[in-house]
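In what follows, a single structure is set out as structure tokens and then discussed.
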Amino acid sequence: MNAMTDRAPDDGPGTSTFAPAHRTHVFRLLLKREFWEHKGGFFWAPLITGGVFLVLVLMGMGIGELALNRAKGEVNINGNDVSWSALNFGSIVDSLSAKDLTEMHQAIAAFLYVATSWPLMVFAVVVFFYLLGALYDERRDRSVLFWKSLPLSDRETVLSKVATAVGVAPLLALGAGLLTMLGFLLLSGIFVALHGGNPFKVIWTTAPLTVAANLIGTLPIYVLWSLPTVGWLLLCSAWAKSKPILWAILVPVFAGIFVSWFDLMRLFDLNSVWFWQHVAGRMLIGMWPGSHAAYLGDAGNMGGEAVTGFAMLEHSYAMLARPELWVGAIAGAAMIYGAIRLRRWRDEG
């Protein structure tokens, strides 16, 4: 209770007054509450996942080193036969053409995206179940009665969970992903250096900065794109009397089956795939990092340009001109409002 109020100066002996805390301070405390209650999923799970990836990379490098030491064959590099055990990355890179170097850097950037994706994938799973239990669990264990006894509005409580899902958790996961990428760069650089290569020329190029800029820069688009999923999961969490995960998944899936079975979308000159992609898909996988890329059309097939440059960032922001982004965001906001109203009136008896 003391956390929610700030004590004002005493007016005199035997008197004391308490001034209500500023609403921004209350909201910050609510965010801290969400973080500390779910620290294992938001903080440790992405970090541990990134660590597991780095251990696998280290094991793979060890196996590769043993294979190189035992190999007796030769590989043809630019017309020259080189023994596997005598591979020298420095001489190999020096013999590559400008096109080959570009393709090599594109491949390295792709591996960097893979490295950062491990914590992000775990984050998506964690937040999916976090939202499903955000309002349901407090009704199930009756802790909602305690929280409603505090000077906290339903709007502040629900919006703190939204901000945690689309702001705090993604930033923590992205931080874990970037740390994983740095660990991968360090291990790869050591491996290259042990085989006569220059890590600054082979691995530590501008690709890491580009990858980091693309991932950080697309966060605002991710927030808008994920709102339908956030709103739907919170709505199910606030409404379902039991097993909200079944309602969250089965309702859009069975709706898609019904629409497909009777081909209802033809009434709007659309096919059933449209419903699965723009309705069912947005309700279930909108929080999956990079899911908006499926809606980029030809931009999704840009090849290496999207990997090493800022084309991915440019085309992601092109989504701002697409109606499906804003219609989905409005629908998500409406469902979040519905979750706020349901939390106010929903009771398990």
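The values are calculated or read from the model by the stated rules, or taken from the named source; none is laboratory data. Just so it is clear, the structure is predicted and the values come from calculations on it, not from any experiment. As a convention, Cβ positions derive from the backbone with ideal geometry for all residues, glycine included, and neighbour counts pool all protein chains shown.
Restricting attention to the stretch 204-263, which residues are in contact with a Pro (Cβ under 7 Å, 6 or more places away or on another chain) and within 30 Å of L112 (Cβ to Cβ)?
L219, Y222
Need a quick list: helices (runs of 4 or more DSSP H) entirely within the stretch 275-338 having at least 2 residues that are modelled with pLDDT of 90 or more.
Those helices (runs of 4 or more DSSP H) span 281-284.
Yes or no: L215 surrounded by 18 or more Cβ atoms within 10 Å (Cβ to Cβ), farther than 21 Å from I340 by Cβ and among the aliphatic types (A, V, I, L, M)?
Judged against the criteria, L215 is a match.
Considering only residues that are more than 30 Å from Y130 (Cβ to Cβ) and without any contact (Cβ under 8 Å) to a residue 12 or more places away in the chain, which ones fall in the stretch 207-231?
Passing the criteria: only L209.
Looking for whichever is in a helix (DSSP H, G or I) and at pLDDT 80 or above here; the options are V144, V127. Which one fits?
None of the others qualify; the one that does is V127.
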